[in-house]
Structures are given as structure tokens and as C-alpha cells.
Amino acid sequence: MFEEWSLNFESSTPCYLQIYSYIKSCIFSGTLPIGTKLPTQKELAIQFGVNRSTVVTATELLAADDLIKSNGKGGTIVKNNASSLNAPPPPNWTSYIHAGSHYPNKSTVQLINNNEHRTDIYALTRPELSKELFIPEMLKEMRMYNALDPDSLGYDHPNGNFLLRENLCSYYADLGVKVNPDQILIVSGALQALYLISAGILFRGSAILTEAQSYIYSVNVFQSAGMRLFGIPADENGISIANLEKTHSQTNASILYSIPNFNNPTGILMSEERKKRLYQFCQNRKLPVIEDDTYRELYFTERKPIPLKFYDTNELILLVGSCSKVLFPGFRLGWIVGTKPVIDRLADIKTQIDLGTNTLSQRLMNFLVESTYYSQHLEHIRGCLRERRDFVLDILNRNFHGLCSWSIPKGGVYIWLSINPNISVSKLFQRCLKNKVLFCPGDIYSSHANNSIRISYSYLPLRDLECSLLLLKQCMLEELNLMS
Ligand SMILES: Cc1ncc(COP(=O)(O)O)c(C=O)c1O
């Protein structure tokens, strides 16, 4: 405490007054909230380089102002601050908070957000790549390249860095998707793409179709804009077309949001056959699609999965991509590929929201794509993630029979576990949290309760992955014993 401050011994203001004024300003600014314990007088004297009597005089003045008091245990605490002394009470922020139009996160999501960065917790929730999965040479080159160049730090074109958009055009051309730079908008992550779409092209009250288990349920992007989500069941090949047809007819939905390649949370890879049928259906019904393609590059299959956009001959699909799961979420870098009028509309809104995506991330992305690093990195992480998936599957096979079932993901970073119905997932979540293991309960990804959980194998070191899974097993057994 107080390390950043020192006395001015040259000043004509006596030292005790300087100390008094400084501590008072800390209390008034809120740096020292009510109840804060102050260092002892001896400690303060040593810290400020003065006699103890100087500190005593300063603290007597603070006590006379009713700002500090003894805590009865030989220490001193802050008793009052500006507002508790004489300032008018603060505004009723609670009523403002309830007035905001954006829905809060579900309480479980808030709990996860507030706990998953703790260093003492095993976060089976985190989907980012473990730092040991990055090729050291690539990180070194990125550090060297990232010298700040004032030319690249100004505001950029509303659609984002032109070179990056050109690079994305080449990337998609290799996948058989032909686009121009003006059909691409660079955004601050895929989540922003979804916000722009909800704010820019959909009516309040619109119905949105999606897989019954979907990332979109865990964020209130459409719901806060007054839209309704309708979940369509999926099997191991992806969304059910028969159910889609039925629900579309009932709801007259405006758009379909789908994650065909390695769905979050289920990990399902939509088969090519299903993709063709899905596209055909949407084309016949003139139903636009938001294709969230965040995980496609993380495939373990022999054939590279194709985006739905590959079939798009009718400008039906808005393809959303992101660097978050293949590189760094901290880049906050994503993109939307779509028909030009929609891209122009969304770019126009984006300029009103954040005036463009971080230019350094865009520049670094160009560097990686133009060197061989990006393709090397993708190849490397696919191998590492596959090994990690097998590592976890092996632990599951050896330990979890009777406790849960799972299917083998063909890519991505998640395993979706269907938990023994005799175990309550919400109780399991609380028990695990007490034991410092965090997972994502399935109901945050759905409008219905379900007895599933999502675990990620990309983030924790292997040793921690194993420890956390064994703790998870222990907690499941304890929950089962409580039931019997
Ligand atoms: C399917 C899906 N879309 C979008 C996002 C948001 O990604 P970004 O970090 O690019 O905003 C996530 C993040 O987990 C996701 O799983």
C-alpha cells in the first residue's frame, strides 16, 4: 500500500501534513474503501522515511476528521469516505442497471466467466489453445514483426484492412468459394458479427432457427434484440431437415443460424450429404443462413470439411469466421463474408460502434498468412488437438463407464458428455466448483434442461486435464452415492 507515493522533503508543507493530505485523498478517491486496514504506524514511518511521531500526528488528524478509527485489535481502518461523511448519496445505479435493454448473462455463465480465470481452478470450460501448442519460432517472428509502425495504426477502411480481405479471398478460393474483398467485413471477433447481423438486418420479434444445442443460446445477442430462438434437433450428421421444415413452416422464421462444422457445444460435424440437403432446403424456402464457421480448420478427418457457403449460388449465406479458436481470441479478429449490400450495411453500423477492428491484429494476421507460418501452425495444432482428444477419450474409457456417455468428435475442441440421469448436473456443477473444477453445463446452450455437459481439451496442460477429469469422476460418484 502507498508504494507509488513519496514525501517531498524539499516542500515547505510539513511532512505530517503531506501524509495526512495523501491518505485523505486516497480515502476520498475510493482507492482506500471503508473498512480498509491501514499499515501500522511503525510500518508507515519506515515506508515514508520519517519518525513515528510524524505518522502519529498525521493519523490523529485523520481520526479527528472521522476518516479512520481503531479496529479494536491494535490496527486502524478507514471509517468514512466523502459520501458517508457529507456528500449526497450516489444515484440509484440498480434501477439504471435494470433499465438497460441488453439481457444479463445466465447466472451459470456469469459464474463461469468469474471463475475460469482463477489460477487455482481447472477450467475445462476454456476453448482457447494452450500456450504450449504454439510453434515457438512463429511466436518469436510475430514479436519481431510487431514493431509499431505509425502508418498502420490509423483508422482503416470501414470494411477492414484491404490486404487481409484479399488474403481471405485467396483462402476461400482454395475452398472453392469465390468472393471479392468488398464482400468481406473484418470484425472484432465472430460474436461482433452476430451483433451486427442482429442490429443491421433483422426485425424485432423475428424468429431465428438454430440447432437445438447451440452457442447462440449462451449469449443473448438475438434475445436482447427481441428475437425468438427455435431449436431444431440434430443427429450425428447435423441438423434434422424434416424438423427444420416443420418448424420453419410453423414460425415463418427470418434466418437460420447454424454451426455445421464442429458445433459448439456438441462437436457434431455436419455430413456433406446433410449440408447439400440443408442448402437445397434453404434455397427453396429463400431462408438466409448465418453459417458460423469458427471451428472448421480444427478437423481430424482425412478430408477437409467444406463450408456450407461452398454450395451458395444464390447469395443466401452469411459466412462468419474467426481467429479465436485457431490462433488467439485476444486478437479479437473475425470476418463476415456475404452479399455486398449486407456487408455495406453492417460495415456502416460497425463504424458507429467501434470505428474498426484492431489494426495490429489485422497486420499480424497478414504476416502469418503470407508467410508459411499460418498453414504450418494449423497443421501442427490439428495434430496436437487430435492427440489431446485421444488422451481425454482414453481417460473417459477407463474411468467413466456408467457415469456418462459421449461420441467421438471428428474435430474442434469439445467433448459433449451425456450424464447418467441419476446425477443432477446443477448439483454436480456446484460440487465440482467447490473442488476447483469448472465445466459448462449443457443447459446454457439450449432452451431446454438437458443432462449434458461440455468439456474442452484444448486449454489445460495434459497433467491438469487428467487431474480435473479424475476430480470430475469423484464428484459424479459422490453425487450418485447421495442419490442411493
Ligand atoms: C460458435 C462460436 N461463434 C462465435 C464465438 C465467438 O468467437 P469470437 O471470439 O471470435 O468472438 C464462439 C466462441 O466461443 C463460438 O463458439
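The values are calculated or read from the model by the stated rules, or taken from the named source; none is laboratory data. Given the structure is predicted, the values throughout are model-derived calculations rather than measurements. No Cβ is skipped: glycine too gets one built from the backbone with ideal geometry, and neighbour counts run over all protein chains shown. To get the accessible areas, we keep the full protein, side chains included, count just its heavy atoms, and leave off ligands, DNA and RNA. Shrake-Rupley method; radii C 1.70, N 1.55, O 1.52, S 1.80 Å.
Here is the size of region 211-363 from its Cα atoms: Rg then Dmax, 15.8, 46 Å. Antiparallel beta bridges, as assigned by DSSP with both residues in the chain, represent about 60 percent of the total such bridges.
Can I get the semi-axes of region 42-109's equivalent ellipsoid? Compute them from the C-alpha gyration tensor as square roots of 5 times the eigenvalues, in angstrom, largest first.
Details: eigenvalues 323, 58, 24 Å².
For region 42-109, the semi-axes come out at 40, 17, 11 Å.
Using C-alpha pairs below 8 Å separated by at least 6 residues, the relative contact order for the chain is 18 percent.
Treating only the Cα positions of region 118-198 as identical point scatterers, give the base-10 log of I(q)/I(0) from the Debye formula at each q in 0.10, 0.20, 0.25 Å⁻¹. With one equal scatterer per Cα and no solvent, log10 I(q)/I(0) is -0.43, -1.18, -1.15. Annotation for region 112-131 versus region 1-73: alpha-carbon center distance of 39 Å. Ranking THR351, ILE453, LEU393 by Cα position along the charge dipole of region 328-484, where only Lys, Arg, Asp and Glu carry charges on their C-beta atoms, puts ILE453 farthest toward the positive end. Counting only heavy atoms of the protein chains and using a 1.4 Å probe, SER426 has close to 80 Å² of accessible surface.
How charged is the neighbourhood of ILE77? Take every other residue with its Cβ under 13 Å from the Cβ of ILE77, and add Lys/Arg as +1 and Asp/Glu as -1.
Details: positive: LYS37, LYS69, LYS73, LYS79; negative: ASP66.
Residues near ILE77 contribute +3 overall.
Cross-link reach is defined here as a Cα-Cα straight distance under 16 Å, omitting same-chain residues fewer than 8 places apart; for LYS473 the aspartates and glutamates meeting it are ASP394, ASP464.
Is there a pair in LYS73/LYS436; LYS42/LYS436; LYS304/LYS340 whose C-alpha atoms are over 30 Å apart, and which pairs would that be? With Cα atoms farther than 30 Å apart: LYS73/LYS436; LYS42/LYS436. Backbone amide hydrogens, once placed in the peptide plane, bring SER452 within less than 5 Å of ILE419, GLY442, ASP443, excluding anything fewer than 5 places away on its chain. Computed from backbone phi with θ = phi - 60° and the Karplus coefficients 6.51, -1.76 and 1.60, the 3J(HN,Hα) list for region 18-33 is 4, 5, 4, 5, 5, 5, 4, 5, 5, 5, 5, 7, x, 4, 10, x Hz; x is used for glycine and proline. To make sure I understand the rule: partners must be aspartates and glutamates, Cα under 20 Å from the Cα of LYS106, and not fewer than 8 residues away in the same chain. Which ones qualify? Cross-link targets: GLU116, GLU211, ASP443.
Just the protein heavy atoms count here, and of the accessible area of the chain at 1.4 Å, carbon and sulfur take up 53 percent. Legend: distances between Cα atoms for LYS286/LYS350; LYS178/LYS286; LYS275/LYS350; LYS37/LYS131; LYS131/LYS275; pairs beyond 28 Å are LYS275/LYS350; LYS37/LYS131; LYS131/LYS275.
The accessible-area ordering, largest first, of the residues PHE300, PHE203, PHE222 stands as PHE203, PHE300, PHE222, per a 1.4 angstrom probe. Stokes-Einstein diffusion for the chain, with the hydrodynamic radius set to the Kirkwood value over Cα pairs and evaluated at 10 °C in a medium of 1.306 mPa s, equals 61 µm²/s. Accessible surface ranking for ASP348, ASP151, ASP354, 1.4 angstrom probe, highest first: ASP151, ASP348, ASP354.
With the convex hull drawn over the C-alpha atoms of region 1-49, the volume per residue is 77 Å³. Computed over region 283-409, the Cα gyration tensor eigenvalues convert (square root of 5λ each) into semi-axes of 32, 22, 15 Å, ordered from largest to smallest. For LYS140, the aspartates and glutamates whose Cα comes closer than 14 Å to its Cα, not counting residues fewer than 8 places off in the same chain, are GLU132. Residue ranking by accessible heavy-atom surface, 1.4 Å probe, largest first, among VAL326, VAL50 comes out as VAL50, VAL326.
Database remark: amide H of GLU211 closer than 5 angstrom to the amide H of ILE232, ILE259 (H placed geometrically; neighbours at sequence offset of 5 or more, or on other chains; Pro and chain starts carry no H). For region 39-161, the Cα-based Rg and Dmax, in that order, read 26.0, 65 Å.
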